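One structure is given below, encoded as structure tokens.
The values are calculated or read from the model by the stated rules, or taken from the named source; none is laboratory data. What you see is a predicted model; the values in this text were computed from it and never measured. FYI the Cβ positions are ideal-geometry reconstructions off the backbone, even for glycines, and counts take in every protein chain you see.
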Amino acid sequence: MSESGCRSNNRIMETLGYALYLHCQELRRPKRCRRLMRVASTKLQLTDELIWQQRCQWQLAAPSYQERSALNRERQYRDILEHNMQRQQQKQQQQKQQRLQHATRSKLKQHTV
């Protein structure tokens, strides 16, 4: 990856700063009002940006074993988070379909009675 292939450090810091701001704002909400998918998406954004930033830094110097291990753990965390978010979205879609089916059945019963 060439230096021109990386985002500028200024852009990364702006994105990270804004993502941190959004994450903190969401965490300040009362627990019952938190939007878990929003919290997870900002975590995902932060993790992606940090991975990207680390890879850009490696252009300047070869990574140590510990740095590579840390990056691999970050990637695994990101992948697990993405998987969990997809599962949650599927679950929400199924619940929505079930509610629609229930509402449709209720309306049909009302019309037949």
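The requirement of being of a type outside the set (Lys, Arg), modelled with pLDDT under 90, surrounded by 13 or more Cβ atoms within 10 Å (Cβ to Cβ) and within 28 Å of Gly17 (Cβ to Cβ) is fulfilled nowhere in region 75-82; no residue meets it. Pairs linking a residue in region 46-74 that is hydroxyl-bearing (Ser, Thr, Tyr) to a residue that is surrounded by 11 or more Cβ atoms within 10 Å (Cβ to Cβ) and in a helix (DSSP H, G or I), with Cβ atoms under 8 Å and 6 or more positions apart or on different chains, are Thr47/Glu74; Thr47/Tyr77; Thr47/Arg78; Thr47/Leu81.
Restricting the first member to region 16-40 and to residues that are free of Cβ contacts under 8 Å to residues at least 60 places away in the same chain and part of a helix (DSSP H, G or I), and the second to residues that are of a type outside the set (Val, Ile, Thr) and exposed (fewer than 11 other Cβ atoms within 10 Å of the Cβ), the beta-carbon pairs closer than 8 Å and six or more apart or on different chains are Glu26/Arg35.
The requirement of being surrounded by 10 or more Cβ atoms within 10 Å (Cβ to Cβ), within 17 Å of Val39 (Cα to Cα) and either touching a helix residue (DSSP H, G or I) at 6+ places or on another chain (Cβ under 9 Å) or charged (D, E, K, R) (or both) is satisfied by Gln89. Of all residues in region 53-69, those being assigned to a helix (DSSP H, G or I) and exposed (fewer than 15 other Cβ atoms within 10 Å of the Cβ) number 7. If the condition is being under 21 Å from Gln89 (Cβ atoms), among the polar types (S, T, N, Q) and out of contact with any Leu (no Cβ under 6 Å at 6 or more places or on another chain), then region 19-75 contributes Ser41, Gln45, Thr47. Within region 65-113, the residues that satisfy the criterion of being hydrophobic (A, V, I, L, M, F, W, C) and over 18 Å from Leu50 (Cα atoms) are Met85, Leu100, Ala103, Leu108, Val113.
Going by the conditions given, is Arg87 modelled with pLDDT of 85 or more, in contact with a Ser or Thr (Cβ under 7 Å, 6 or more places away or on another chain) and in a helix (DSSP H, G or I)? So Arg87 fails the test.
Of all residues in region 86-112, those that are at negative phi have Cβ atoms under 9 Å from Cβ atoms of residues that are at pLDDT below 90 and not basic (Lys, Arg), 6 or more apart or on another chain, in Gln88/Leu36; Gln88/Met37; Gln88/Ala40; Gln89/Met37; Gln92/Met37.
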